């Protein structure tokens with residue numbers, strides 16, 4: 001089962017079992033291993049992750065709170081599948097939150113923040129496994145927004161990425177220009193931050209997010 005591979009990737013378990021199971025299942029959903037509409041079987045997941053049913057049930061509830069899973073009476077948990085309208089709303093909300101967090105973060109950034117963001121971008125550029133793109137992309141964005149020091153906004157951005165990034169997956173294996181265009185846009189973000197040009201940096205981010213929105217709304221995984 002693919003969950004075992006993700007579990008091995010996330011070893012060692014340095015968090016509560018519930019949170020660890022949540023992270024494993026969430027990653028499987030984002031990567032498309034557990035696609036929209038798929039029922040989630042407690043027995044299978046418990047066996048694959050070598051945990052009891054209790055942390056699996058608790059993880060299901062966390063995933064439902066994030067909009068990734070829906071729990072039905074007498075039917076169990078099912079991975080959600082967004083409509084085009086729902087995904088459009090997710091992206092519009094992402095743009096509002098990310099623009100706000102970034103604008104707040106820019107004057108508070110120091111060289112260590114930008115160096116970390118550059119390390120993540122370099123890792124993305126060197127990565128040859130498309131399964132890692134979404135993780136590195138999210139880490140990059142959160143690194144730029146972190147100086148805003150708003151944990152609520154950052155948590156919401158993280159949640160919205162999980163709901164939207166899974167619809168980018170059809171573009172990754174093709175190795176088309178989308179990933180490399182993203183690298184160029186990300187580098188432009190770092191360069192603008194280095195120059196303290198907040199207006200330019202925000203303009204670059206908006207263009208980048210609007211481009212991502214266009215890609216997502218064309219995803220073949222949408223209803």
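Coordinate-derived values only; no laboratory data. On a predicted model such as this, the values are computed, not experimentally measured, just so you know. For neighbour counting, all protein chains shown are included, and Cβ atoms are generated from backbone atoms with ideal geometry for every residue, glycine included.
Extension gain, residue 199 to residue 89: 0.36 nm times the residue separation minus the Cα-Cα distance gives 37.1 nm.
Modelled spin-label separation between residue 103 and residue 81, with each label point placed 7 Å from Cα along the Cα-to-Cβ direction: 3.8 nm.
What FRET efficiency would be calculated for the residue pair residue 118, residue 74, taking the C-beta separation as r and a Förster radius of 45 Å, to the nearest 0.05? Step by step, r from the Cβ atoms, then E = 0.30. Using equal-weight Cα scatterers in the Debye expression, the normalised intensity of the chain in log10 at q = 0.08, 0.11 Å⁻¹ is -0.30, -0.57. If one takes the longest principal axis of the Cα atoms in the chain, at what angle in degrees, from 0 to 90 and to the nearest 10, does the Cα axis of helix 133-145 lie? Between helix and principal axis, roughly 50 degrees.
Using the rule -39500 (n - 2.57) for each DSSP H run of four or more residues, divided by the residues of the chain, the 222 nm mean residue ellipticity is -21500 deg cm²/dmol. Residue separation times 0.36 nm, minus the C-alpha to C-alpha distance between residue 155 and residue 64: what's the value? 31.2 nm is the gain from fully extending residue 155 to residue 64.
Approximating the spin labels as points 7 Å out from Cα along Cα→Cβ, the residue 111-to-residue 53 distance works out to 5.8 nm.
The slack between residue 221 and residue 16, meaning 0.36 nm per residue of separation minus the straight C-alpha distance, is 70.6 nm. Taking every alpha-carbon pair under 8 Å whose residues sit at least 6 apart, the chain reaches a relative contact order of 22 percent. Based on the Stokes-Einstein relation at 10 °C and a viscosity of 1.306 mPa s, and on the Kirkwood radius from alpha carbon pairs, the range 60-125 is assigned a translational diffusion coefficient of 104 µm²/s. Multiplying each eigenvalue of the alpha-carbon gyration tensor of the range 2-79 by 5 and taking the square root yields semi-axes of 18, 13, 11 Å, largest first, rounded to whole angstroms. By other beta-carbon atoms within 10 Å, ranking 92, 113 with the fewest at the front produces 92, 113.
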